[in-house]
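Engineer: The structure that follows is given in the form of structure tokens.
The values are calculated or read from the model by the stated rules, or taken from the named source; none is laboratory data. Since this is a predicted model, take the numbers as computed values, not measurements. Every residue, glycine among them, receives a Cβ derived from its backbone with ideal geometry; neighbour counts consider all protein chains shown.
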Amino acid sequence: MSGAARAIGLVSHEFRYCQKVFWRNPGSVFFTVLFPVLLLVIFATIFGDDRIETLGGIPTDRYYVPAIVTLAVISATFMNLAMNLTIAREGGLLERGRGTPQPAWVFIAGRVGNSVVVSVLMVVVVTLVGLVLFGSPIPWSSIGLVLLALVAGAASFSTLGVAMTAVIPSREAAPAMVNLIVLPLYFLSGIFIPESEIPSGVLDFASIFPVRAFFEVMLAAYLPVVDGAGFPWGSLAVLLAWGLLGLLLALRFFRWMPRR
């Protein structure tokens, strides 16, 4: 067997293992898959009659579909990887894995692959729920841009999630530290609150960070004609820059051994 075929086989085996572990954990399934759907139903139901004038007067329920898609991808990649890898490290799983013949990078690749697949599933599920319950159309005309946004977002937040493990000191601290980062950015970036209700200065500040950049890319992909401004390539560049930074930090500071 060639080296490439053997590597693919190892990653495939690790990926299948990660999928089984994920779907057999009700807590992970709820917070990763069902919780974003629940948020979409809540926000779209409460604010569905409103319109966002800064985006061409679109109904708020259409706005919340790409917003919750953004949240779902971040949850499946950044949040899951940061917490699960920290828990595995502090439990000695990463340390034991390095003592086996399996290459260390295969362990990470399997978990990143699992996060990306769950992200794709979440995009499909949230989009279909938006169509069935709120009449938000599937963006067939810009499906290429949706896929581009999904790939860029999943890749960038996966690297940031792996890098985040370097600053989390313990498994108990993981959920608190991860949520401390993402929750304020959700509010500042227009995920929870329609951007028409957020001061422009706050949005400009949030645009420095990857959550707002990813949302701007996803919003433009789902609603490409709301304001005629075109695709926000600058936001895509900001998102990819954060992803590259996450990759460099992960390569430099990722730890396999528990903190003593």
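Engineer: With I52, I87 as the choices, which residue is over 24 Å from G243 (Cα atoms) and in contact (Cβ under 8 Å) with a residue 60 or more places away in the chain?
Structural biologist: It is I52.
Engineer: State yes or no: is V120 within 28 Å of D61 (Cβ to Cβ), at pLDDT 90 or above, β-branched (V, I, T) and in a helix (DSSP H, G or I)?
Structural biologist: It is true that V120 is within 28 Å of D61 (Cβ to Cβ), at pLDDT 90 or above, β-branched (V, I, T) and in a helix (DSSP H, G or I).
Engineer: With respect to S115, is the statement that it is modelled with pLDDT under 90 and crowded, with 22+ Cβ neighbours inside 10 Å true?
Structural biologist: Yes.
Engineer: Can you tell me which residues in region 137-158 are part of a helix (DSSP H, G or I) and not small (G, A, S)?
Structural biologist: Listed by number, the residues that qualify are W140, I143, L145, V146, L147, L148, L150, V151, F157.
Engineer: Also, quick follow-up: Quick check: anything in region 23-31 assigned to a helix (DSSP H, G or I) and either surrounded by 19 or more Cβ atoms within 10 Å (Cβ to Cβ) or touching a residue at least 60 places away in the same chain (Cβ under 8 Å) (or both)?
Structural biologist: No, there is no match, as no residue in region 23-31 is assigned to a helix (DSSP H, G or I) and either surrounded by 19 or more Cβ atoms within 10 Å (Cβ to Cβ) or touching a residue at least 60 places away in the same chain (Cβ under 8 Å) (or both).
Engineer: Residues in region 174-228 that are in a helix (DSSP H, G or I), in contact (Cβ under 8 Å) with a residue 40 or more places away in the chain and among the aromatic types (F, W, Y): how many?
Structural biologist: 4
Engineer: Could you tell me whether region 37-50 includes any residue that is buried (at least 23 other Cβ atoms within 10 Å of the Cβ), touching a helix residue (DSSP H, G or I) at 6+ places or on another chain (Cβ under 8 Å) and part of a helix (DSSP H, G or I)?
Structural biologist: Scanning region 37-50, I find at least one residue that is buried (at least 23 other Cβ atoms within 10 Å of the Cβ), touching a helix residue (DSSP H, G or I) at 6+ places or on another chain (Cβ under 8 Å) and part of a helix (DSSP H, G or I), so the answer is yes.
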